[in-house]
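Worksheet: one structure, shown below.
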Amino acid sequence: MSATANIPSFSSIQPGIVVTPLLEFRNVQIVYDNAIEAIRDVSLAVPKGNIVALLGSNGAGKSTLLKAMSGVLYTEEGKLESGSIQFKGENIHHLSPDVIVRKGVVQVPEGRRVFASLTVDENLQMGGFLCSAAEFKVRRDRVFELFPRLAERRQQIAGYMSGGEQQMLAIGRALMTEPVALALDEPSLGLAPLVIDRIYDVVARLRKELGLTVLLVEQNAQRALDIADHAYILENGRIVLDGSAQSLSRNADVQEFYLGMSGAARKSLREVKHYKRRKRWLS
Ligand code: ATP
């Protein structure tokens, strides 16, 4: 396990085999309003067909990285000051959001932003507006097969559905674009355990059956580590730890700060500034 991820290595996944990442952040530095440094020299790599988890507490910078990947940082006066974001070896950080989606990099934003006044069907149509009628039907049927609840509620106004159903719809709408790499921003946020199970089952199926590559951003470290191949931990805009999901699950610091296995209430490093392990963790 490496302490920092400036040179991403996936030898921990497949010893001796160098895996070229499908999606890669290289030494990324991001500021807001030309003043607030949100991300400092972050590198992370997502190999094809893998699920890579990006874990961190509130304000660590997880959403900022996804916004940069999706080309929407500028809407919040954010700017990628240095470094690059690459998809299939090509820089994408300077591209517009629609071009990035057409390339196959799609994000399901935090807070399951569905079109609240539209029906389930209409939301899926918005996601599939670039495809032909025949493709649309195939993709929508697949979404309904993955999420039968959406099929039952096709005519329902999205804004009146439960949080879990809206999350399913947000993922379904993203799938209508037929993504190659899908980034999920806190899909479990505010959902009941059984609903989270259903959503995580679908994420696992998407990888297994469709070979989808997934960047999974979560505060819910336990869930994410259960499903991921590799994980990175982000704190205060920096990667402080990365490794295989299995090795991170066994790591004492991760257990204490992220998995709530210390016997005490769950703490983040922010809340335990003076904790003696902090220095070692951050070094
Ligand atoms: P959360 O889990 O709460 O969404 P996060 O890990 O996604 O947190 P970000 O939202 O990326 O964190 O925020 C990272 C840092 O950037 C924080 O210090 C935050 O205050 C700051 N930040 C985020 N958005 C903006 C913005 N639009 N303008 C200025 N600063 C921002």
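The values are calculated or read from the model by the stated rules, or taken from the named source; none is laboratory data. Note that the structure is predicted; figures quoted are calculated from it, not measured. Quick reminder, even Gly has a Cβ in these numbers, built from the backbone with ideal geometry, and neighbours come from all protein chains shown. Protein only, heavy atoms only, side chains kept; ligands, DNA and RNA dropped before computing areas. Shrake-Rupley method; radii C 1.70, N 1.55, O 1.52, S 1.80 Å.
Looking at (1) touching a Phe, Trp or Tyr at 6+ places or on another chain (Cβ under 9 Å); (2) over 25 Å from residue 167 (Cβ atoms); (3) open to solvent by less than 50 Å² (accessible area, probe 1.4 Å), which one does residue 80 not meet, given that it meets all the others?
The single condition residue 80 does not satisfy is (1).
Go through (1) at pLDDT 90 or above; (2) part of a helix (DSSP H, G or I) and name the single condition residue 215 misses.
(2)
Considering only region 112-156, how many residues are touching a helix residue (DSSP H, G or I) at 6+ places or on another chain (Cβ under 9 Å) and open to solvent by less than 60 Å² (accessible area, probe 1.4 Å)?
Matching residues across region 112-156 total 21.
Could you please give the count of residues in region 167-195 that are without any contact (Cβ under 8 Å) to a residue 60 or more places away in the chain and within 16 Å of the ligand (Cβ to nearest atom)?
Matching residues across region 167-195 total 4.
Tell me, which residue of region 218-252 that is outside any helix (DSSP H, G or I) and among the hydroxyl-bearing types (Ser, Thr, Tyr) is farthest from the ligand (Cβ to nearest atom)?
Residue satisfying both the conditions and the ranking: 244.
Kindly indicate whether any position in region 89-104 is surrounded by fewer than 16 Cβ atoms within 10 Å (Cβ to Cβ), under 16 Å from the mean Cα position of the chain (by Cα) and at pLDDT below 95.
No, that holds for no residue.
If residue 102 passes every condition in (1) in contact (Cβ under 8 Å) with a residue 24 or more places away in the chain; (2) within 16 Å of the ligand (Cβ to nearest atom); (3) within 30 Å of residue 131 (Cα to Cα) but one, which one does it miss?
(2)
I'd like the residue in region 23-67 that is hydroxyl-bearing (Ser, Thr, Tyr), closer than 20 Å to residue 216 by Cβ and surrounded by fewer than 22 Cβ atoms within 10 Å (Cβ to Cβ) and, out of all such residues, is farthest from the ligand (Cβ to nearest atom).
Per the criteria, the residue is 43.
Is it the case that some residue within region 260-274 is on the phi > 0 side of the Ramachandran plot and either in contact with a Cys (Cβ under 8 Å, 6 or more places away or on another chain) or at pLDDT below 90 (or both)?
yes
Report the residue count in region 175-195 for those that are open to solvent by 10 Å² or more (accessible area, probe 1.4 Å) and among the hydrophobic types (A, V, I, L, M, F, W, C).
7
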